Amino acid sequence: MISINDLVHVRPRPGSFGSAEVDPLREADALQEAQLLDSRVCHLTSTAALLFEMRTSLQFEVGNSALLVVRGLRSFDWTSPKQQVPLAALTVVSSVTEQSGEPLRARFEFFPEARLVVAGDLAEFYVLEVQGIGEVPPDYSSVDLEKVQGALPSWSSACRLLQASVSH
């Protein structure tokens, strides 16, 4: 087991996991209905990491969470509405990764209304199994933030790496 945060800093060796059956680095909308839980940008290492809830995903049959790491970060552009919305998951309605030019660019559209465009030199996508978070995502209408967060993957969650994909 490794923590999700460790995957951001240490690249796992291929061979101990399978390649991603559904690959958001190569297939448009592969992350449809997944939920963005958190993102981190490390300026020191030029890295961005996106943590996803996968129990709601339409495409993935294995894993309950996923991590997208962009290395050689060039830009991180987040747009959301001005008005505050109630506690809710950010659900992916569109995801596209373009690798044809420099830099690699990943674009995400979310519901409720938000958008993220991240660009960098290389991307890694990991499908993960986090223990102890249950079979279904939490009910966000419960305003108990601690209870909601306890039923979600987090950066410190121990996980098992199931599948991976790396951009070329």
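Computed from the coordinates by the stated procedures, all read-outs in this text should not be read as laboratory data. All of these numbers come straight from a predicted model, not from anything done at the bench. Heads up, the Cβs are rebuilt from the backbone with ideal geometry, glycines too, and the neighbour counts pull from every protein chain shown.
Descriptive notes on the structure:
- For q = 0.12, 0.14, 0.16, 0.17 Å⁻¹, Debye-computed log10 I/I(0) when each Cα of the range 19-132 counts as one equal scatterer: -0.39, -0.54, -0.71, -0.80
- Among V92, V148, V70, residue whose mean-square fluctuation peaks in a GNM of the chain (springs only between Cα atoms under 10 Å): V148
- Residues V127, V117, V22 in ascending order of nearby Cβ atoms (within 10 Å, fewest first): V117, V22, V127.
- Cut-off of 10 Å, at most 13 other beta carbons, DSSP loop: longest stretch of the chain lacking such GluC sites (Glu not before Pro): 1-60
- Given R0 = 30 Å, the distance between the Cβ atoms of V96 and Q131 translates into a calculated FRET efficiency of 0.40.
- Applying a DSSP loop filter and a limit of 13 other Cβ atoms within 10 Å to the trypsin sites (Lys or Arg not before Pro) in the range 1-89 leaves K82.
- Exposure proxy for C159, C42: other Cβ atoms within 10 Å of each Cβ, ordered fewest to most, give C42, C159.
- P(r) tail for the range 73-168: Cα pairs beyond 15 Å make up 71% of the total.
- For the chain, averaging the sequence separation of C-alpha pairs within contact (under 8 Å, six or more residues apart) and dividing by the residue count gives a relative contact order of 28 percent.
- Going from the residue with the fewest nearby Cβ atoms within 10 Å to the one with the most, T45, T91 rank T45, T91.
- The H on the amide N of S157, modeled in the peptide plane, is under 5 Å from the matching H of I4, N5, each at least 5 residues off or on a different chain.
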